[in-house]
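The block underneath contains the structure these notes are about, expressed in structure tokens.
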Amino acid sequence: MDIVKCFADSITEFVSVETEQEAVMREAASEKPFFVFEKDYFTAYNSPEGTVKCSYWSRNRITQDILYPQSLSWQKLLCEQDGLKVYPEPPGLCFLPSDGTCDASLTLRSNNISVYYNDIDIEQFVQTVKKMAACQQGFFFVAHNDKFECVEAGEYKQQGGC
């Protein structure tokens with residue numbers, strides 16, 4: 001299964017369960033939220049609404065809202081679409097250096113998906129954005145030198161902002 005990474009992965013404890021029954025037993029044994037990846041969605045256990053199925057495209061935002069329920073965004077901002085919890089705005093793409101040289105913590109509480117790169121190649125980033133149709137198509141972010149640069153995906157420009 002090829003799951004798109006998000007920044008929340010760096011602070012999420014991953015649990016392997018073989019069956020749904022095993023997940024239900026784990027849920028009953030602890031109040032701590034955990035997540036199980038399925039083929040087309042992920043299931044959040046011990047969320048504010050109990051056990052819920054969620055869209056991968058909203059995983060960074062949903063994971064943060066479940067693990068750190070400091071705001072009311074779970075109740076106010078999420079909706080249900082095709083039986084899955086989803087954040088209604090498309091996620092943004094953040095291109096992050098694979099060597100970890102950039103502080104990516106700014107993406108933590110955002111509705112973003114992380115794509116890791118070895119070399120900055122804006123044209124390749126634009127093509128990646130186009131392939132990820134469920135993501136924000138107008139712009140993306142590139143992290144480098146401990147800052148984020150907003151790049152327009154259409155006719156991209158090194159200068160300017162979104």
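Taking the criterion of being within 20 Å of residue 83 (Cβ to Cβ) and basic (Lys, Arg), the only residue of region 1-51 that qualifies is 39. Among the residues of region 40-59, those identified as in a helix (DSSP H, G or I) and not basic (Lys, Arg) are 56, 57, 58. If you go through region 9-39 and keep only what is part of a helix (DSSP H, G or I) and within 16 Å of the chain's Cα centre (by Cα), you end up with 9, 10, 11. Whenever a residue of region 32-52 is within 19 Å of residue 10 (Cα to Cα) and surrounded by 13 or more Cβ atoms within 10 Å (Cβ to Cβ), its partners that are of a type in the set (Asp, Glu) and at pLDDT below 85, lying with C-beta atoms within less than 7 angstrom and at least six residues away or across chains, give the pairs 34/13.
When residues in region 62-86 are screened for being modelled with pLDDT under 85, touching a Ser or Thr at 6+ places or on another chain (Cβ under 7 Å) and more than 21 Å from residue 26 (Cβ to Cβ), 0 of them pass. Of all residues in region 79-94, those satisfying the criterion of being part of a strand (DSSP E or B) and under 30 Å from residue 146 (Cβ atoms) are 92, 93, 94.
If we scan region 116-129, do we find a residue that is modelled with pLDDT of 85 or more, closer than 16 Å to residue 6 by Cα and in contact with a helix residue (DSSP H, G or I) (Cβ under 9 Å, 6 or more places away or on another chain)? Checking region 116-129: at least one residue is modelled with pLDDT of 85 or more, closer than 16 Å to residue 6 by Cα and in contact with a helix residue (DSSP H, G or I) (Cβ under 9 Å, 6 or more places away or on another chain).
The values are calculated or read from the model by the stated rules, or taken from the named source; none is laboratory data. This one's a predicted model, so the numbers in the text were calculated from it and none came from an experiment. A quick note on method: Cβ atoms are made from the backbone with ideal geometry, for glycine too, and the neighbour counts reach across all protein chains shown.
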